[in-house]
Amino acid sequence: MEKYIEKLENIFKQAKQEIEEIKNLKELEEWKIKYLGRKSYLANFSEILKNLDLEERKKVGEFYNQTKEKLEKIYHQQKEKLSEEEIEFDFYHPGNQVYYPTLTLISSNLKKIIEIFQNMGFIIIDAPLIVSEYENFDSLNMPKFHPAREMWDTIWLKEPRNYLLRTHTSAFQVPFLKKYKPPIRGIVPGKVFRFEATDSRHDFEFYQIEGISVSENSNFSHLRYIFEEFFDNYFEKKITLRFRPSYFPFTEPSIEVDISCVLCNQRGCSVCKFSGWLEVAGAGMIHPFVLKEAGIDSKKFQGYAFGTGLERLIMLKYQINDIRLLHSSDLRTNEISS
Ligand code: DAH
């Protein structure tokens, strides 16, 4: 009987000595197999117990149990210690992903666009989101019942009456021109709101960038130059422009502005519907009615205005196919920009 107890004592002594020298978890697992594994001395101890008489079996069995518990205990202690050390020193251990605060795609792109226009001498104006019916419509040559009002699905306020969430940044054209007398050029970037269902290409709120330039001879060729500079800088490549006749009540003549497809370089792709062109802005020469509303003599001054959608530009630049991603709080959307 003594012999078994001694044997168990020796095993524990040896195991303890060995475990103290172990430096990593891999060695610790080898130790565990050796002393507590299926082929270990302890695992086969029941065979030995079977051959002992009852009294001896009780004593040796108890000692065996204690030894096993002690081995398990030192195993767990060592494992805990090594795990902590390994995390501290293992430079290859994968860390938790850290999201550093970055500007959203909307903010970073708006910043870039503002810079481009500032470099061309435009002032940047932050205008109110809630505007009067007059500012949004009447001042822009769209009196009540004008069919063109139908182009904008408006979100009206209950109070005060005749106020709304601006449907376009053009609502600031007249207040802008009243405040800053010509010659002046500026941009009004910001959110606009439409009462419409959302899908991958429409959201009920989005950003526009309104451009206004009035002087004695602001004209279409200036507008063309400004657009060329802007799009080349924004997309960081040479862009070709196309002006198409169009209609807006507040410009005369009015145009739609197309750029050569930034994705396929006019070879034809599904984004430009194989036309090679992308519609990116509305523009025109400011209607004399609008200049008059702003108290500007349309015989002396003239100007151009344009409006473009920020999200559309971002979607084209980063090849994002759902506008709603830009307004969601999914941080992965922002990673595209870095
Ligand atoms: N406000 C127009 C829209 O939301 C865009 C626009 C067109 C703005 C022509 C302009 C312009 O300044 O001249 O659809």
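Within the range 14-26, work out how many residues are part of a helix (DSSP H, G or I) and either open to solvent by 70 Å² or more (accessible area, probe 1.4 Å) or over 19 Å from GLU80 (Cα atoms) (or both). Even if it seems obvious, please write down each step before you answer.
Let us first name the residues in the range 14-26 that are part of a helix (DSSP H, G or I), namely 14-21, 25-26.
From what's left, either open to solvent by 70 Å² or more (accessible area, probe 1.4 Å) or over 19 Å from GLU80 (Cα atoms) (or both): 14, 16-17, 20-21, 26.
Total satisfying the criteria: 6.
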Open item on the list: Looking only at the range 27-54, how many residues end up being in a helix (DSSP H, G or I) and at pLDDT below 90?
Closed with: 7
Task: Which numbered condition LEU223 misses (of (1) away from the ligand (no atom under 12 Å from the Cβ); (2) outside any strand (DSSP E or B); (3) of a type outside the set (S, T, N, Q)) - done: (1)
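Would you confirm, using the coordinates I've provided, whether LEU71 is open to solvent by less than 30 Å² (accessible area, probe 1.4 Å), not assigned by TED's automatic domain parsing to the domain that holds ARG149 and not in a helix (DSSP H, G or I)?
Working: open to solvent by less than 30 Å² (accessible area, probe 1.4 Å): yes; not assigned by TED's automatic domain parsing to the domain that holds ARG149: yes; not in a helix (DSSP H, G or I): no.
Considered against the rule, which asks whether it is open to solvent by less than 30 Å² (accessible area, probe 1.4 Å), not assigned by TED's automatic domain parsing to the domain that holds ARG149 and not in a helix (DSSP H, G or I), LEU71 comes out as no.
Would you pick out the residues in the range 289-328 that are open to solvent by 60 Å² or more (accessible area, probe 1.4 Å), farther than 19 Å from PRO249 by Cβ and in contact (Cβ under 8 Å) with a residue 24 or more places away in the chain? Let's see the steps before the verdict.
Initial filter on the range 289-328 (open to solvent by 60 Å² or more (accessible area, probe 1.4 Å)): 289, 292, 295, 297, 299-300, 302, 312, 319, 321, 324-325, 327.
If we keep only those that are farther than 19 Å from PRO249 by Cβ too, we end up with 295, 297, 299-300, 312, 319, 321, 324-325, 327.
Result: GLY295, LYS300, ARG312, GLN319, ASN321, ARG324, HIS327.
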TODO: List every residue pair whose Cβ atoms lie under 6 Å apart, where the two residues are 6 or more positions apart in sequence or sit on different chains, the first residue falls within the range 171-182 and is at pLDDT 95 or above, and the second residue, located anywhere, is open to solvent by 10 Å² or more (accessible area, probe 1.4 Å) and of a type in the set (S, T, N, Q).
DONE: PRO182/SER215
- [ ] Tell me the strands (runs of 3 or more DSSP E) entirely within the range 114-195 that contain at least 2 residues that are open to solvent by less than 20 Å² (accessible area, probe 1.4 Å) and within 12 Å of the ligand (Cβ to nearest atom).
- [x] 184-193
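The values are calculated or read from the model by the stated rules, or taken from the named source; none is laboratory data. In this text the structure is predicted, and so the values were computed from the model without any measurement. All Cβ positions, even for glycine, are placed from backbone atoms using ideal geometry, and neighbour counts span all protein chains on display. Heads up: the accessible areas ignore ligands, DNA and RNA and are worked out on the full protein's heavy atoms, side chains in. Shrake-Rupley method; radii C 1.70, N 1.55, O 1.52, S 1.80 Å.
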